[in-house]
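What follows draws every value from the coordinates through simple rules; no lab data is involved. None of these values were measured; they are calculated from a predicted model. So basically every Cβ, Gly included, is an ideal-geometry build from the backbone, and we count neighbours across all protein chains shown.
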Amino acid sequence: MRLLLVEDNAELSKLLVKSLGASGFDADSVATAADALSVLGSTHYAAAILDLGLPDQDGLVVLRTLRARHNTLPVLILTARDGVNDRVTGLRAGADDYLVKPFAIEELVARLEALLRRPGQLLGRSLELGNLAFDTIGRQLFIGGRPQILSARELAVLEILLRRSGHVVSKRVVEDQIFGLSADVGSNAVEVYIHRLRKTLQDLGATAAIHTIRGVGYLITEA
Amino acid sequence: MFLFTSITRRIIFLHVVAISITSVFMPVALYVLLRSTAEDLQHRSLRENAELITRYMSQAPDGSITLNLPPDLDTLFSEAYGRYAYSVLDAADHTLFSSLHGRTPVFNTDARLAGPEYLESKRGDVTLSGASIPMKVGDRTVWVQVAQDMEHRDVLIDDIVREFFSRVGWITIPILLSLLIIDVSIFRRALSPLFKASEMAEKIGPERTDVRLPVEAMPSEIKPLVHTINQALERLERGFLVQRDFTADAAHELRTPLSILQARVDTIPDKELARELSRDIARMKRIVSQLLDIAELEAFTVAPHEVADLRSICVEVAEFVAPLAVRDGKNILLEAPEMPVPVNGNSEVIFRAVRNVAENALKHTPAGTTVTISVQDKGTVSVEDCGPGIALSERAQIFQRFWRKNRSGSTGAGLGLSIVKRIMEAHRGGITISNLRPAGCVFTLNFEANLCPPFTGMVRNETLGHPLLMAAAKDCSVNRGDRA
């Protein structure tokens, strides 16, 4: 899977390319906004990692130009600044995620995977966590490599949790996913489904756990 | 020395004093002037009378003097008419002529002065005012005495003098009063640039160092002062900026080398060592972020119409800290009303305050227990943990920069809560801390002063399908409920 890394610090760039390689991502690196725009115009990448502090232009210019070209490439912003309005500005300019320097490579990889797990992106076809693997095309769950049988609604809930693994999925989102907007949902219907799914996973020996964040939503992590 | 500190009051006070003194002395002075003018006029008329009489005197060849008054004058000076009298005396004090019977002099004076002498005498109940004036008739000098009955002297002047106060004097008071009012408004006008400058100067603080006082409209006497103040402000601002920029730049510049260090650590094959080093780097990263926060918040002010929804901020914070809590085997619980809780404030900054308090609570709550973030309609956010609580004696200290309870064991730099305090100050809000029994502590961030009127219209509730009931009893037991 090919990524574009736009980072002007040569040393950091070299180390990141190496680490990303170890995590299974092939990364090309460029050091200026101009190079980034020209490379992005000619080559197709799975995602871009964009440093905001570039020598020739602000990274946000690259991002805005990209979005003005209707390029929906997932973009993760790297920045050494995280002022009050920087995060909002970055996301408004069309960034998909935002990471403040310094960051652990694990965090970067996790964020990239989360971006790529989104529907329509490369990793979105197979969602993996612990010994869970969920094929979103065939709608089949594997635990420890063995296919398992779950109800369609359980699979739907598991899918959104896995797509946002490591992040809280709000209860409202889960509710909409299971019942759509039309049905009149009982007050504890979601809780019932989550409870059932949690029990199923436990019974099947999954090394992933669903946590309840009361008042907020649910979170799936590796157990 | 002055009763008043206000320059306007001081000027008005002194002005009132000056006007009161003027209002007493001016009529008196006018009266005196008027009187002396009246007297001058009286004297002149006496002299003219004397000259008139002298004109009709002539010296006979034998040296004797004769007086031939025309009949109308004779009548005027007659005793029967009674208003005027004359007598003419020579150097030997002989009365040569007199309008009075028995040739008596009008005034009995010994002196024969070289110049006119003004006299007054009483004759019966009549006061006579007159003069004795030396006159030349031929080669002899005679003293012509003329007198006027005071009761019947020139009426006009007399009246003016007598009635000066009752008729004219009072008008000086309203004139002076209106002068005072005009002067006050003149002062106010003249000083208005000063008032404006003081208003502007009031706004100057650590957050607004770019304010300068206007020099153009200033009175020239005050210009140098304003100029000096502006120069001082210039230096002050430069100092502030240098300090602010230094902290921001330093923090900024530390991030790239830290990133390189982190990336290098990630390539170490010894995973245990890499994890430990990463933990150290994470700690440094946090301190750097907090220093940046501090530098940024130093200059932060809430815009007057900025609105932040406490409810959605707390949802975000809960989502943000939940993965960390789960990682450490702790729980997060959010209790929020269904409707937004809008306050005047900056969402991103309030988010940092609530996040810092929540992270602090998560640090101190034991594994298996719950940190509860709750939002109240009245504009408060509370964060409750099950930790050991904070002793009364420590409550002031915990908000100081770099304060940590246990310096050796703690992981933070002791900046988080000082940032919270600064944020609350910027929002004119307060923080209260209370301990719970048997365990725990509640931090309450108070935005009540900033509460906005509720939104009108329907607002879709994004996160919470149903209102949550407050737990009746505090539950610090290990909790893994299904209810979200």
**Request:** Averaging sequence separations of C-alpha pairs under 8 Å and six or more residues apart, then dividing by the length of chain A, give the relative contact order as a whole percent.
**Result:** 13
**Asked** For segment B:220-320, what is the Kirkwood hydrodynamic radius in Å, using each pair of distinct C-alpha atoms?
**Response** 17.8
**Request:** Post the alpha-carbon centroid distance, segment B:60-127 to segment B:10-33, in whole angstrom.
**Result:** 47
**Request:** Using DSSP to define loop residues, name the trypsin sites (Lys or Arg not before Pro) in segment A:7-68 whose beta-carbon has at most 13 other beta-carbon atoms within 10 Å.
**Result:** none
**Asked** What is the dipole size for the protein assembly as shown, taken about its Cα centre, with +1 at each Lys and Arg Cβ and -1 at each Asp and Glu Cβ, in debye to the nearest 20?
**Response** 2920
**Prompt:** Which percent of Cα pairs goes in each bin when the distances of segment B:330-412 are cut into 10 angstrom slices starting at zero?
**Reply:** 15, 43, 33, 9, 0
**Prompt:** Could you give the distance between the Cα centres of segment A:136-180 and segment B:348-371, to the whole Å?
**Reply:** 29
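Looking at the protein assembly as shown, send over the antiparallel percent of its DSSP beta bridges, to the nearest 5.
75
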**Complete:** By the mean-Cβ-within-10 Å protection proxy, highest first, B:417-423, B:32-38 rank as B:417-423, B:32-38
**Message:** Counting only other chains, and only Cβ atoms inside 10 Å, what mean value do you get across the residues of B:248-258?
**Reply:** 4
**Item:** Ordering of B:278-290, B:372-384 by burial proxy (mean other Cβ atoms within 10 Å per residue, highest first)
**Value:** B:372-384, B:278-290
**Complete:** Here the alpha-carbon Rg of segment B:1-136 over 2.2 N^0.38 Å rounds to 1.76
**Item:** Under 13 Å, Cβ to Cβ, from B:Thr8 - net charge with Lys/Arg +1 and Asp/Glu -1
**Value:** +3
**Prompt:** Hey, what angle do you get for helix A:10-22 against the long axis of chain A, alpha-carbon based, 0 to 90 degrees rounded to 10?
**Reply:** 30
**Fill in**
For B:Thr380, other-chain or 5+-apart residues with amide H closer than 5 Å (H placed, Pro excluded) are B:Phe447
**Request:** Provide, for q = 0.08 Å⁻¹, the log10 of I(q)/I(0) from a solvent-free Debye sum over equal Cα point scatterers in chain A.
**Result:** -0.34
**Request:** Inverting the mean 1/r over all pairs of different Cα atoms, compute the Kirkwood radius of the protein assembly as shown and quote it in Å.
**Result:** 34.7
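All other residues with a Cβ under 13 Å from the Cβ of B:Val381 taken together, and with Lys, Arg as +1 and Asp, Glu as -1, what is their net charge?
So the environment of B:Val381 carries a net charge of -2.
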**Complete:** Karplus ³J(HN,Hα) for segment B:74-89 (6.51 cos²θ - 1.76 cosθ + 1.60, θ = phi - 60°; Hz, whole; x = Gly/Pro) runs 4, 5, 4, 8, 5, 5, 5, 5, x, 8, 10, 9, 9, 8, 10, 10
**Request:** Name the long-range amide H neighbours of B:Asn331: under 5 Å, sequence gap of 5 or more, or other chain; modelled H, no Pro or chain starts.
**Result:** B:Gly368, B:Thr369, B:Thr370, B:Val371
**Prompt:** Under a GNM of chain A (C-alpha, springs under 10 Å), which listed residue has the highest mean-square fluctuation: A:Leu63, A:Leu76, A:Leu20?
**Reply:** A:Leu20
**Cα radius of gyration and Dmax for segment A:57-117 (Å)** = 11.6, 32
**Message:** Give me the net charge for the shell around B:Pro342: Cβ to Cβ below 12 angstrom, other residues only, Lys and Arg +1, Asp and Glu -1.
**Reply:** -2
**Prompt:** Shielding of B:279-290 by partners, i.e. mean partner chain Cβ atoms within 10 Å per residue?
**Reply:** 2
**Asked** What GluC sites (Glu not before Pro) does segment B:33-93 have in DSSP loop regions with at most 15 other beta carbons within 10 Å?
**Response** B:Glu79
